[in-house]
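What follows is calculated from the coordinates using simple rules that are stated; it is not laboratory data. If you're wondering where the values come from, they're calculated on a predicted model, not measured in any experiment. Positions of Cβ are generated from backbone atoms using ideal geometry, with glycine treated the same way; all protein chains shown enter the neighbour counts.
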Amino acid sequence: MIKWLIMIILFFLCILIGYYFSQRYVNRLKFFKSLILLCQNLDIEINYSRERLKKLINNYDEKTKKNLLGIDQEFLKYLDNPKELKKEELFKNAGILKKEEQDLIFLFFKNLGRSDVENQTKELKNFIAKFEEIKIKAENENKKYGSLSLKLGLIIGLFILVILI
């Protein structure tokens with residue numbers, strides 16, 4: 001009886017680990033989709049409403065904002081107290097991002113609001129194009145490795161069950 005219970009626990013643990021790894025790819029994809037939407041929203045709002053940057057980010061859609069892993073909130077803290085934007089603080093909850101992606105996003109937030117409207121719009125369009133490339137890579141990784149990690153978790157769980165029987 002205890003042997004069966006241990007086998008079931010190990011099986012579900014393997015599936016849970018596979019699910020965890022597949023969610024990392026899903027969350028990366030959601031992050032870049034939300035970041036692109038934020039950039040597009042900023043581009044439109046900067047050109048037409050000419051509101052302050054802090055208000056624009058605060059008014060951004062809450063549902064999409066939660067996918068930004070708190071980066072937007074850390075940037076708002078920086079806007080409240082503009083000493084120096086620190087990379088470690090900006091990405092403290094963003095462990096799913098690669099180093100080069102962090103560098104690009106850090107550069108985006110560091111340059112945000114530093115130029116006139118026309119140049120800011122050009123920069124935003126440039127960053128949107130770069131983020132689109134990364135989003136396409138994240139979609140491909142999600143298709144390849146997201147479902148693969150879930151399937152591997154299931155297969156390893158079944159393999160452990162067969163070995164223990």
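Tabulated values for the structure
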{"quantity": "Paramagnetic reach from residue 117 (point 7 Å along Cα→Cβ, amide N under 11 Å) across region 33-60", "calculated": "45-51"}
{"quantity": "Sorted by Cβ density within 10 Å, fewest first, the residues 7, 1", "calculated": "1, 7"}
{"quantity": "Cα gyration tensor category, rounded, prolate or oblate, for region 20-104 with a/c compared to 1.5", "calculated": "oblate"}
{"quantity": "FRET efficiency for residue 162 and residue 63, using Cβ-Cβ distance with R0 set to 45 Å, rounded to 0.05", "calculated": "0.55"}
{"quantity": "Cβ-based exposure ranking for 31, 11, in which fewest neighbours within 10 Å come first", "calculated": "11, 31"}
{"quantity": "Tilt relative to the chain, helix 117-141 - C-alpha long axis, 0 to 90 degrees, to 10", "calculated": "10 degrees"}
{"quantity": "Shape category assigned to the chain from the gyration tensor of Cα positions, a/c cut at 1.5", "calculated": "prolate"}
{"quantity": "Three-way shape label, region 56-121, alpha-carbon gyration tensor, a/c 1.5", "calculated": "rounded"}
{"quantity": "Mean Cβ count within 10 Å, highest first, over the residues of peptides 113-122, 13-22", "calculated": "13-22, 113-122"}
